[in-house]
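Okay, so here's the structure we're looking at.
The values are calculated or read from the model by the stated rules, or taken from the named source; none is laboratory data. Not measured: the values here are computed from a predicted model. We place every Cβ from the backbone using ideal geometry, glycine too, and count neighbours over all the protein chains shown. Protein only, heavy atoms only, side chains kept; ligands, DNA and RNA dropped before computing areas. Shrake-Rupley method; radii C 1.70, N 1.55, O 1.52, S 1.80 Å.
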Amino acid sequence: MRVLLALTLLAASLPAAAEEGPLPPTPTNYVYARSMGIGAWRGMAGGNDAIFYNPAALAAQKRFSIELAGLMYRVGADTDGTMFGGSVVDSVSSPVTAGFSYNYVSTLGYKTKGAFGGMTNMALAFPVGESLFLGATGTYLNLYNDFGTVSCVTMTAGAFLRLGKFFSGGFVGYNLINTYHPDLLPLGMGAGISVGPSDTFHVNADWSRDYGADGVHTDRWGAGLEVLIADMFAARGGWLYDSGAKLQWWQFGAGFGYMGYGADLAYRQSFGGATFRTLTASLRIAVPGM
């Protein structure tokens with residue numbers, strides 16, 4: 001699964017990710033606990049984290065939603081990155097859905113000397129007919145460490161298609177404005193589908209590609225499942241393969257929701273090599289149809 005901020009302010013001087021393992025989750029791959037627990041999310045109408053993975057999906061549900069999230073990324077026995085932040089999405093006050101998110105990076109290490117800063121996102125999405133939705137997210141990234149500052153603006157745009165309650169799909173282009181920091185905010189694309197009765201269970205499949213420096217690209221494939229129980233509980237699990245790091249990941253998660261209040265927890269770990277782990281949790285308040 002993939003969740004926030006890859007941090008390399010001197011990427012040219014660092015070994016390839018395939019030799020040392022993956023960087024912390026990048027802004028392109030940041031998701032909250034529900035999506036991370038499933039492992040393949042671009043084809044589903046998710047929560048506020050669609051701000052990052054496909055802004056068009058924000059308009060597929062009518063709600064006013066606030067989410068708070070935290071993430072910890074560990075390499076072996078060491079903590080490499082911790083993040084926390086929040087978001088708000090309003091798809092009921094007007095025909096155009098609006099979303100806002102801010103996330104703060106508190107510690108980073110592993111391939112850098114440490115960095116701190118934040119990422120601000122503003123998203124807009126709207127329906128085109130009854131089944132198709134379009135959206136875009138503007139991103140401002142501002143990071144500092146001993147070597148200097150990364151301050152840049154970029155944009156992500158996507159489309160989301162929903163056909164009844166049994167099928168949905170999405171396509172998205174990431175970081176379409178060149179930031180000249182391909183290891184931090186790489187140009188990329190992704191697509192996914194979700195199949196199944198959305199109020200009971202659904203099976204997801206996912207693909208994405210990041211274009212890094214020197215024409216090198218990385219593909220990721222994922223698959224996952226979410227089962228909903230009694231309209232209050234959710235069990236999730238998934239698998240991911242990262243061709244750049246040459247690692248496979250398994251992930252699982254759980255969620256609880258009642259009367260618009262809920263919480264989600266997810267855990268991801270690599271296997272078949274060195275151990276890279278991500279733990280994330282989120283709290284949400286949603287008011288459907290407000």
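Here the 3J(HN,Hα) profile of region 209-222, calculated from phi with Karplus coefficients 6.51, -1.76 and 1.60 at θ = phi - 60°, is 9, 10, 9, x, 6, 6, x, 7, 10, 10, 9, 9, 10, x Hz, Gly and Pro shown as x.
Solvent-accessible surface (1.4 Å probe) assigned to ILE177 amounts to roughly 80 Å². For region 119-258, the Cα-based Rg and Dmax, in that order, read 17.6, 52 Å. If we count every other residue with Cβ under 13 angstrom of PHE271's Cβ, Lys/Arg +1 and Asp/Glu -1, where does the sum land? Value of the local net charge: +2. Ligands, DNA and RNA aside, TYR241 has an accessible area near 70 Å² when probed at 1.4 Å. Built from the Cα atoms of region 202-272, the convex hull projects on average onto 5.9 nm², one quarter of its surface area.
Measuring only protein heavy atoms, the 1.4 Å probe finds MET72 accessible over about 80 Å².
Sorting SER243, SER198, SER87 on solvent-accessible area from highest to lowest, probe radius 1.4 Å, gives SER198, SER243, SER87.
Quick one: compute the contact order of region 155-275, relative version, from alpha carbon pairs under 8 angstrom and 6+ residues apart, as a percent. Display every interim value, and only then the final one.
On the way: 269 pairs, mean separation 17.0, N = 121.
Worked out over region 155-275, it gives 14 percent.
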